[in-house]
Amino acid sequence: MNWDQVEGKWSQIKGEIRWKWGKLTDDDLEVVAGSKDKFVGRIQERYGIAKGEAEQQLDRWLKTISPAAPRKRRSRAAGASEGQAQQDEGVSRDPH
């Protein structure tokens, strides 16, 4: 996915961004509002990394996301409960 696609789908992509960069706040994402330069700046600021590293992280992430559908996420925490792992994979426990 390229940045123009991200910008056009900003509202839908924010959940993926929160998953990848958990230190970013809702306010950060509102200020960024799809601007790549602002987004890189917020990653830099929140994670205390150089601009080049923030840009590399963003570029690597852009290569992993699909322009079509939201991805299923794997559990971040090692040893997550089975219920959490199922929830992360989109499996619902409630049959209704």
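Each value in this text was obtained by applying a stated rule to the coordinates, not by laboratory testing. Small disclaimer: the values here were computed from a predicted structure and weren't measured. Using ideal geometry, Cβ is built from the backbone for each residue, glycine included, and neighbour counts are taken over all protein chains shown.
For LYS51 and LYS63 in the same chain, what is the full-extension length gain: residue separation times 0.36 nm, less their Cα-Cα distance, in nm? The partial results should precede the final answer.
On the way: separation 12, 0.36 × 12 = 4.32 nm, distance 1.87 nm.
Length difference between fully extended and current span is 2.5 nm.
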**Report entry** Environment charge at TRP21 (Cβ cut-off 10 Å; Lys +1, Arg +1, Asp -1, Glu -1)
**Finding:** +3
Query raised in the report: If you wrap a convex hull around the Cα atoms of region 3-65, how much volume per residue is inside, in Å³?
Result: 72
